[in-house]
Amino acid sequence: MRLLPWEYAVRNLGRSPTRLALSMAGGALVVLLVLSAGAFVRGMEQSLRVSGSEQNVMLLGRGSEESVERSEINPAAGDLAFANVDGIKTRAGVPYVSPEVHMMTELHEQRDGRPLGVALRGVTGAAFLVHGQARVTEGRAPEPGRDEFIAGRMAHTRMGVPADRLAVGKTLFFDGRPWTVVGKFEAPGTVMEAEVWCPLRDLQIAAKRDNLSCVVLTLAPGAELADVELFATLRSDLELTAMRETDYYSTLLAFFRPVRAMVWATALLIAVGGLFGGLNTMYAAFASRVRELGALQAMGFTRGAVVVSLVQESVLSTTAGALVAAAAGVLLLDGLAVRFSMGAFGLVVDGAVLATGLLAGAALGVVGALPPAWRSLRMPITEALKAS
Amino acid sequence: MTCMKSLVLAALLALIVIGCDRDDNAASSQQGGAAATASAPAEAVPAGLILASAPGEAKDVNAIKASAKEGDEVVLRGRVGGSIHPIVDGRAAFQVVDLSVKSCKELPGDTCETPWDYCCEPDVAKSTATVQVVGADGKPLKTGLKGVGGLAPLAEVTVKGKVGKTAEGAPLVVNATGIHVKG
């Protein structure tokens, strides 16, 4: 089949700058929507995937494997695990064993002020050993008995307040008294970054509990999860479950699968709406060129060759719009903080998301051109040449 | 037109580089966090561990817990269960529950997917013992027992062995020399 020159398709784009701009804008909007959906899903997946470490094992209460906030375990679990499990990592004699309390609770801006939802974690100094992704970037770690917090870099997003509200030195109310933010930490790409941490004992006193939510321990190289599972079995009186931290967050990822599916379904529905709008534009564009298309056929080009050229035009315009959308996505969406039930995460516009967006733009160009192109070529050549 | 082609290709290339750079960074940060926790080679189960017939004079878990002390030779009878994973992966150890305690499977109308966890019985830990097969170092062998001799959750077992060292408050530990799984 002899195809029309590529230049023919390109030159035709310039025949109606307004129509070209509208096609590009339509394509850009649909692709931006696809990029937003992809960035949201990718960000959520990465946040939950990176939050866990393969080296870390969590000891949780039996039956609470899907929610550390609901878990309650014996406060001695950490010490017992260290005494009985071979292969727990240590540094200068300090074991990588982090007893923790996790709570979804509320802080207040003033004593009786607006409640701010927060993921609060009570920790000891070992938390910064075990959670290697966490690093103090400003100020210092909080000290026990002094009503102090350290806030994650994205904690303000989770709480719905400006970033400077959690600046070092600011005060928030918890358990009816003021607590001071003494530091900020980062834990890039993890859910920890949206949390507020405080000394374990202080949180236990405020929450009137002496048990723990979990113990997170780090295995030394060569150590095995099976030894921790054995400990949990031998001490079944403690009612513990041992699982890798990565497996815990994988469970949470599975929990959010319906949310991710809903996001994609919404994006698809709106994209289909955009497609129908594009079809309309293309019908009008091709209908006005019936005589020209008839002339091309009279010159010897097959219907197929003409369809290919029309699809080239459409794909060029939508792909150009897709490139604009991709650039906007990288500049505006990448890293944008999004709040969700577990905390907050940043949108991720990476290679996979960009490829999806660009492919969506190309597909829009193909699908949006085929029906109008074929409809415009249905007329016999003699009728087409007489068309006005 | 050539200029437009070049512009489009340049823009596409820039986006690919940006996207791949982001992918590489994410991949390397994940790999940096992963540790080499490869399993050690499995040890063999001792020959003669699985018994063709149940040893005589078996007692229930609760009866043994009430009277036995460290070092006593015992023959224990029970049902594999007590948690979602009663048979430890990669280690020769499993939990048994006294036969008098009903599993979820024995409760009419219960549709529990893991009836061997005895979730319907809040005090199951008081009627549980741990059976382990130890090596010369006194530690459980680095091999799983699931499927060995038909061992599975809710299987009725008779275990011959010696009462091991048990921490205060912890369930009874039996170092098994023979295990019979009721077929």
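Would you mind getting me the FRET efficiency between A:Ala76 and A:Val366? Use the beta-carbon distance for r and R0 = 60 Å, nearest 0.05.
My answer for the efficiency is 0.40.
For A:Trp179, A:Trp374, what ranking results if the residue with the fewest other Cβ atoms within 10 Å of its Cβ goes first?
Ascending number of Cβ neighbours within 10 Å: A:Trp374, A:Trp179.
With θ set to phi - 60° and the Karplus curve 6.51 cos²θ - 1.76 cosθ + 1.60, what are the ³J(HN,Hα) couplings of the range A:149-156 in order, to the nearest whole Hz, using x for Gly and Pro?
Residue by residue, the range A:149-156 yields 10, 10, 9, x, 4, 10, 4, 5 Hz.
Given the Cα-Cα distance of A:Ala163 and A:Ala298 and 0.36 nm per residue of separation, how much length would full extension add, in nm?
41.9 nm
Just add up the charged neighbours of B:Gln132: K/R +1, D/E -1, any other residue whose Cβ is under 10 Å from the Cβ of B:Gln132.
Local net charge: +2.
HN-Hα J couplings of the range A:89-98 from phi, Karplus 6.51/-1.76/1.60, θ = phi - 60°, integer Hz, Gly and Pro as x?
5, 9, 9, 6, x, 8, x, 7, 10, 10
Which of A:Lys386, B:Lys162 comes first, and how do the rest follow, when ranked by fewest Cβ neighbours within 10 Å?
Listing A:Lys386, B:Lys162 from fewest to most nearby Cβ atoms yields A:Lys386, B:Lys162.
For q = 0.10, 0.13, 0.17, 0.23 Å⁻¹, what log10 I(q)/I(0) does the range A:34-119 give under the Debye formula with an equal point scatterer on each alpha carbon and no solvent?
Listed by q, the Debye log ratios stand at -0.45, -0.71, -0.96, -1.16.
Taking amide H positions as placed in the peptide plane 1.01 Å from N, state which residues far from A:Gly87 in sequence (5 or more) or on other chains have amide H under 5 Å from it.
Under 5 Å from the amide H of A:Gly87: no residue qualifies.
At A:Arg177 and A:Ser16, where each label point lies 7 Å from the Cα along Cα→Cβ, what is the point-to-point distance in nanometres?
About 7.3 nm, to one decimal.
Can you check what the Kirkwood hydrodynamic radius comes to for the range A:293-367, Cα pairs only, in Å to one decimal?
14.8 Å
Any idea how far apart B:Leu51 and A:Ala387 come out in nm if each label point goes 7 Å out from Cα toward Cβ?
In this crude label model, B:Leu51 to A:Ala387 measures out at 9.1 nm.
Rounded to the nearest 5, what % of the DSSP beta bridges within the protein assembly as shown are antiparallel ones?
Within the protein assembly as shown, antiparallel bridges account for around 80 percent of the total.
Considering every residue in A:233-244, what mean count of other chain Cβ atoms within 10 Å of its Cβ is obtained?
6
With contacts defined as alpha carbon pairs under 8 Å and 6 or more residues apart, what's the relative contact order of the range A:318-388 in percent?
Normalised by residue count, the contact order of the range A:318-388 is 32 percent.
Which of the peptides B:104-114, A:142-152, B:168-178, A:54-64 is most tightly packed, and how do the rest follow, going by the mean number of other Cβ atoms within 10 Å of each residue?
Listed from highest to lowest mean packing, they are A:54-64, A:142-152, B:168-178, B:104-114.
Counting helices only, and only those DSSP H runs with n ≥ 4, report the 222 nm mean residue ellipticity of the protein assembly as shown as the sum of -39,500 (n - 2.57) divided by its residues, in deg cm²/dmol to the nearest 500.
-13000 deg cm²/dmol
Pull up the cross-link candidates among the aspartates and glutamates for B:Lys160, meaning alpha carbon to alpha carbon under 18 Å and not fewer than 8 places away within one chain.
Output for B:Lys160: B:Glu57, B:Asp60, B:Glu70, B:Asp72, B:Glu73, B:Asp98.
Step through the residues of the range B:166-183 one at a time and calculate ³J(HN,Hα) from phi using the Karplus curve (6.51 cos²θ - 1.76 cosθ + 1.60, θ = phi - 60°), rounding each to whole Hz and writing x for Gly and Pro.
10, 5, 4, x, 7, x, 4, 10, 10, 8, 7, 10, x, 10, 10, 9, 5, x
Could you name the aspartates and glutamates in cross-link range of B:Lys69, using Cα to Cα under 13 Å and dropping any fewer than eight places away on the same chain?
Qualifying aspartates and glutamates at Cα under 13 Å: B:Glu168.
Of the listed pairs A:Lys89/B:Lys162; A:Lys208/B:Lys65; A:Lys89/A:Lys170; A:Lys208/B:Lys105; A:Lys89/B:Lys165; A:Lys89/B:Lys102, which have alpha-carbon separations greater than 31 Å here?
Pairs exceeding 31 Å: A:Lys89/B:Lys162; A:Lys208/B:Lys65; A:Lys89/A:Lys170; A:Lys208/B:Lys105; A:Lys89/B:Lys102.
Once the Cβ-Cβ distance between A:Arg114 and A:Val338 is put in as r, and R0 is 30 Å, what FRET efficiency do you end up with, to the nearest 0.05?
0.90
To make sure I understand, if each residue's beta carbon is the centre and we count other beta carbons within 10 Å, what order do A:Phe345, A:Phe286, A:Phe255 fall in, fewest to most?
Listed from fewest to most nearby Cβ atoms, that is A:Phe255, A:Phe286, A:Phe345.
Between A:Arg146 and A:Ala254, what FRET efficiency follows from the Cβ-Cβ distance if R0 is 35 Å, with the result rounded to 0.05?
Calculated transfer efficiency: 0.30.
Across 10 Å bins from 0, what is the distribution of all Cα-Cα pair distances for the range B:59-181, in whole percents?
That works out to 14, 48, 31, 6, 0, in percent per bin.
For the protein assembly as shown, what is the convex hull (Cα atoms) projected area averaged across all directions, in square nanometres?
36.9 nm²
Which distance in nm do the two modelled labels at A:Arg375 and A:Val94 give, with both placed 7 Å along the Cα-to-Cβ direction?
Distance between label points: 7.1 nm.
Show me the helices of chain A, taken as full DSSP H stretches, that run 30 Å or more along their long axis by Cα and average 0.0 or above in Kyte-Doolittle hydropathy.
Qualifying helices: A:17-50, A:257-287, A:303-328, A:351-376.
To two decimal places, what compactness ratio does the range A:140-213 give when its Cα radius of gyration is scaled by 2.2 N^0.38 Å?
Ratio of Cα Rg to 2.2 N^0.38 Å: 1.07.
Every number here is computed from the coordinates shown, using simple stated rules; none is lab data. As the structure is a computational prediction, the values presented were derived from the model and not from experiment. All Cβ positions, glycine included, derive from the backbone under ideal geometry; neighbour counts span all protein chains shown.
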